[in-house]
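**Student:** A single structure is presented below for examination.
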Amino acid sequence: MRRVAYFDCPSGISGDMALGALLDAGAGPTLDVVVAALGLEDEVEVEVRREERGHLSGLRVLVRCGDGPARNFPELLDVVRGAELPERVRAMTVAALERLGRAESQVHGLPPERLHLHELGGADTLVDLAGCFWLLDSLGVEEVHASWLPAPGGRFTAPGTLRVLEGTGAVLEPDRRKAELVTPTGAAILATIARFERPPLALDRVGYGFGARPEPENVLAVWVGRRVSEAAAVHVIEAGIDDMAPNLLAPLVEDLLAEGALDVAITPLIMKKGRPGHLVTVVAAPERSRELAMALLRKSTTLGVRITTASRLVAGRRFLEVETGMGRVRVKVKELEGRPIDVAPEYEDCRRLGGDVAVVMRRAAEAARRELGLA
């Protein structure tokens, strides 16, 4: 089951809020390790402290920068590329920094190589970016998602933030607060790795990171858990047919499946005037429903189809190969919420081995159950 992190951002996101939330969720390493890996020990000091605001406890991270060189954009990239970071973390940090550079270049009308410390935030930005990606990596997160982002009007949503989020699918929600709620650095973290939707997940842990503004609601939450199956919308296409030769229905099913139907079923029924007929039911992804409806109209005798929307919940599945004593057989494993609950040997594999197919299937199922701990 895939490990998922969801950033819940009712009060926006900044780099320090994200660091605090991830640390509160149990991520490591310490930020001192991140600073050392970047080679910034002489110019950056990090303080992490627990605070309570209202009835909520969380972490506040302060990244303080002392005197350091005024690095331009290429020099900031050089720091990251030369840092002792995990390779995946380095790649994400470079991608986020490049996104920030492009955004600030558009805002200020300068080429990236002429951007300096004050446009990009310098050393503290490097700690925020590399720290967040390293903390996420330490949690084993494979997917990152984020909520809608609050966007006050006027100058309170910075042009740099908007440029960073441009084209990412981020959803900006009007907000009446008169403060910068989403910083360019916070936006760059999400723009680099997140999808802006809320996934279904089995929650394992949650962390809270406080921002610089003292009000209780100035908090970012990070939910960490495991993705679970969700009900997906599908279209159901139906047609009643009473004037088509039954021997033509089997190739109709094969053709519809070949054209991308998720499922096709034929059900006997009694139609008008007591005529025997068949109901053809096609399950399709919404983006394929019109093509499949046209295929059903074209390849059958029906004069019309019905299309309705339904929910489809699908169990997880994977294949396992087991030894039966008569040969190896693939077994389909059915899973719910990442846990195996049933097995089904592949019929053609069992038949290929010869002998009594029922015996081979039973042995394959027993071997799979033992291997999965279901016996």
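**Student:** Would it be correct to say that E366 is within 24 Å of V314 (Cα to Cα), among the acidic types (D, E) and out of contact with any Ser or Thr (no Cβ under 8 Å at 6 or more places or on another chain)?
**Tutor:** No, not satisfied.
**Student:** Just one of E287, E291, E346 is outside the structural domain of V264 (by TED's automatic domain parsing), under 23 Å from E254 (Cα atoms) and out of contact with any Leu (no Cβ under 8 Å at 6 or more places or on another chain); which is it?
**Tutor:** Checking each option against the conditions leaves just E346.
**Student:** Test S105 against the criterion of being touching a Pro at 6+ places or on another chain (Cβ under 8 Å) and either assigned by TED's automatic domain parsing to the domain that holds A188 or among the hydrophobic types (A, V, I, L, M, F, W, C) (or both), and give yes or no.
**Tutor:** Spelling it out, S105 is indeed touching a Pro at 6+ places or on another chain (Cβ under 8 Å) and either assigned by TED's automatic domain parsing to the domain that holds A188 or among the hydrophobic types (A, V, I, L, M, F, W, C) (or both).
**Student:** Follow-up. What about S11, is it touching a residue at least 12 places away in the same chain (Cβ under 8 Å) and either part of a loop (DSSP other than H, G, I, E, B) or not assigned by TED's automatic domain parsing to the domain that holds L203 (or both)?
**Tutor:** Spelling it out, S11 is indeed touching a residue at least 12 places away in the same chain (Cβ under 8 Å) and either part of a loop (DSSP other than H, G, I, E, B) or not assigned by TED's automatic domain parsing to the domain that holds L203 (or both).
**Student:** How about segment 177-198: which of its residues are within 16 Å of the chain's Cα centre (by Cα) and assigned to a helix (DSSP H, G or I)?
**Tutor:** I189, L190, A191, T192, I193
**Student:** Being of a type in the set (V, I, T), touching a helix residue (DSSP H, G or I) at 6+ places or on another chain (Cβ under 6 Å) and either surrounded by fewer than 24 Cβ atoms within 10 Å (Cβ to Cβ) or not assigned by TED's automatic domain parsing to the domain that holds A18 (or both) is the filter here; which residues of segment 177-196 pass it?
**Tutor:** Answer for segment 177-196, where residues must be of a type in the set (V, I, T), touching a helix residue (DSSP H, G or I) at 6+ places or on another chain (Cβ under 6 Å) and either surrounded by fewer than 24 Cβ atoms within 10 Å (Cβ to Cβ) or not assigned by TED's automatic domain parsing to the domain that holds A18 (or both): just T192.
**Student:** Being small (G, A, S) and out of contact with any helix residue (DSSP H, G or I) (no Cβ under 8 Å at 6 or more places or on another chain) is the filter here, so list the residues in segment 57-90 that pass it.
**Tutor:** Result: S57, G66, G82.
**Student:** For a quick check of your reading of the model, give me the residue pairs whose first member lies in segment 26-42 and is over 15 Å from V89 (Cβ atoms), whose second is surrounded by fewer than 22 Cβ atoms within 10 Å (Cβ to Cβ) and of a type in the set (K, R), with beta-carbon atoms closer than 9 Å and at least 6 apart or on different chains.
**Tutor:** As it stands, the answer is G26/R205, since those pairs meet every condition given.
**Student:** Oh, and also: Take L40 and tell me if it is within 28 Å of T157 (Cβ to Cβ) and of a type in the set (A, V, I, L, M).
**Tutor:** Spelling it out, it is not the case that L40 is within 28 Å of T157 (Cβ to Cβ) and of a type in the set (A, V, I, L, M).
**Student:** When you look at R226, is it assigned to a strand (DSSP E or B) and among the basic types (K, R), yes or no?
**Tutor:** When the stated conditions are applied, R226 passes them.
**Student:** Pairs please, first residue from segment 182-208 and within 18 Å of D24 (Cβ to Cβ), second anywhere and modelled with pLDDT under 90 and in a loop (DSSP other than H, G, I, E, B), Cβ atoms under 9 Å, 6+ apart in sequence or on different chains.
**Tutor:** L201/V228
**Student:** In segment 91-104, what count of residues is obtained for those that are free of Cβ contacts under 8 Å to residues at least 24 places away in the same chain and in contact with a helix residue (DSSP H, G or I) (Cβ under 8 Å, 6 or more places away or on another chain)?
**Tutor:** The number of residues fulfilling the criteria is 2.
Conditions (1) touching a Phe, Trp or Tyr at 6+ places or on another chain (Cβ under 7 Å); (2) modelled with pLDDT of 95 or more; (3) surrounded by fewer than 20 Cβ atoms within 10 Å (Cβ to Cβ), marked per residue:
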| residue | (1), (2), (3) |
| --- | --- |
| D204 | no, no, yes |
| G207 | no, yes, no |
| I237 | no, yes, no |
| T267 | no, yes, yes |
| L279 | no, yes, yes |
| M294 | no, yes, yes |
| T302 | no, yes, yes |
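**Student:** In segment 174-200, which residues are within 30 Å of L313 (Cα to Cα) and acidic (D, E)?
**Tutor:** Once the filter is applied, which keeps residues that are within 30 Å of L313 (Cα to Cα) and acidic (D, E), segment 174-200 yields only E197.
**Student:** Find the residue count for segment 14-43, including only residues that are among the small types (G, A, S), over 17 Å from R60 (Cα atoms) and in a loop (DSSP other than H, G, I, E, B).
**Tutor:** Total meeting the criteria: 1.
The values are calculated or read from the model by the stated rules, or taken from the named source; none is laboratory data. In this text, all values refer to a predicted model and were calculated from it rather than measured experimentally. Here the Cβ is made from the backbone with ideal geometry for all residues, glycine too, and neighbour counts use every protein chain on show.
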